[in-house]
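> My structure is below; once you've seen it, I'll send some questions.
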Amino acid sequence: MSVRQLVDRLQSAWPTLTAGADPAASAPVETAVLTLDSGRAERELGWRPLWNTEQALERTVGWYSRFLRDGSLASLDDLRAYAADAKTKGARVALREPHATPGTVSACRG
C-alpha cells in the first residue's frame, strides 16, 4: 500500500482530515513512491498482523477523533480489544493492566 493510498483511506474514514504534501525539489526521488510493507517483519520475526488495514484505520481514526474532540485517551480500550482479538485468533499478547482505580486510566502527557 502506498502512503498516498493510506492517506486517501484515512480521509475517506475521516472526512474532516486534511493532508497535503509539497516535497522540496531536493527531496529524494522515492518520495513519490513510498510504500508501507510489513513483509520484512513477517519474514524475519514471524510477525503477523491481527487486525486488517480497515480495522487498524478504524481504531486509529477513532482514537484521534476522541482525543481531538475531548482529550480522552482510548489507548487502554484499544489494547484490550487487540488482546481479546488475539486470544480469539490463538495469538499470544501480553497486556499488563495499570494499577488504577477500576474504571479509570492513568496516563502521562508530555
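None of the figures in this text is laboratory data; all of them are computed from the coordinates on show. Not measured: the values here are computed from a predicted model. As a convention, Cβ positions derive from the backbone with ideal geometry for all residues, glycine included, and neighbour counts pool all protein chains shown.
> Count charges around Ala91 for me, please; just the other residues with Cβ under 15 Å from its Cβ, Lys/Arg as +1, Asp/Glu as -1.
+3
> I'd like the FRET efficiency for Val93 and Val33, computed as 1/(1 + (r/R0)^6) with the beta carbon distance as r and R0 of 35 Å, rounded to 0.05.
For Val93 and Val33, the calculated efficiency is 0.55.
> What is the sum of charges around Leu57, taking Lys and Arg as +1, Asp and Glu as -1, for the other residues whose C-beta is under 13 Å from the C-beta of Leu57?
-2
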